[in-house]
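Report on the structure given below.
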Amino acid sequence: MTLQDNQGRPPADIVAANADKAAHQTGFAGRIRNYFLTGLVLTGPVFITLYLTWSFVTWVDDKVRPLIPEAYRPETYLPVQIPGLGLIIVFLLLTLLGFLTANLVGRKLVEAGETILGQMPFVRAIYKGLKQVFETLFSSNGSSFRKVGLVEFPSPGMWSLVFLSQSASPAIQTRLPGSDEYIAVFMPCTPNPTTGFFFYVQRGEVIELDITADAAASLIMSAGMIQPGNDQQKKLSALADAARTARAARTPTAAPAK
């Protein structure tokens with residue numbers, strides 16, 4: 001006697017039907033998961049970018065709006081509040097300030113203000129340091145952090161991406177061992193590139209790469225998942241070949257036996 005279900009099917013057909021049903025459910029769940037992840041990848045960066053931009057605009061508006069007399073605010077005459085007004089005002093004021101300081105009178109006022117700040121012991125160090133950072137970052141002809149390189153770190157055979165800064169000043173260069181030129185580099189951490197290590201390294205120990213700083217930042221923040229360039233394998237092979245060539249050049253060759 002053979003077992004049958006309520007529909008009169010034999011056990012083999014029942015097992016096959018259950019397997020097909022389970023496979024269909026698994027396939028459906030997998031498709032839903034893939035669709036969800038695809039939507040998350042597409043909308044996540046857009047949402048975060050818009051959120052950060054909107055947060056910055058509203059933060060500037062909240063700081064600048066109280067300084068504007070209520071009679072001159074657009075929302076006084078309009079039924080809605082216009083976002084970005086504070087950001088526009090800050091942009092115009094900074095542009096006007098830059099225009100005024102471009103003439104002789106403006107330069108004299110800036111020099112007088114710097115002289116006053118230079119007389120304050122604690123404020124003097126903060127102001128000079130911040131001024132140098134801003135002048136370096138926003139200089140139109142500067143090269144700081146615009147070049148990317150590889151440094152053998154943290155141990156032999158392991159290479160890390162670094163951003164190249166300025167050459168060591170004479171006061172530092174004379175204190176470093178050897179006669180080779182040293183360069184300041186910044187090695188960011190993954191996935192937060194705003195933190196990392198700053199150190200001096202001999203220029204000959206750095207392998208300069210033909211990639212942009214933006215591409216290097218994306219590579220670091222994604223932990224290697226976003227590779228620079230269209231041909232990823234070719235880029236990776238070029239990086240590996242450059243590292244091997246540099247290591248072979250630094251390895252002393254054994255003298256021939258007599």
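For a Förster distance of 45 Å, can you work out the FRET efficiency between the beta-carbons of Ala102 and Tyr77, rounded to the nearest 0.05? That pair, Ala102 with Tyr77, gives E of 0.80. Extension gain, Asp241-Met221: 0.36 nm per intervening residue step, less the Cα-Cα distance, totals 4.9 nm.
Summary of packing: across the peptides 37-49, 193-205, the per-residue average of other C-beta atoms within 10 Å ranks them, highest first, as 193-205, 37-49. Take each peptide in 159-171, 72-84, count the other Cβ atoms within 10 Å of every residue, and average; sorted highest first, the result is 159-171, 72-84.
Throughout, read-outs are computed from the coordinates displayed, never taken from laboratory work. Since this is a predicted model, take the numbers as computed values, not measurements. Here the Cβ is made from the backbone with ideal geometry for all residues, glycine too, and neighbour counts use every protein chain on show.
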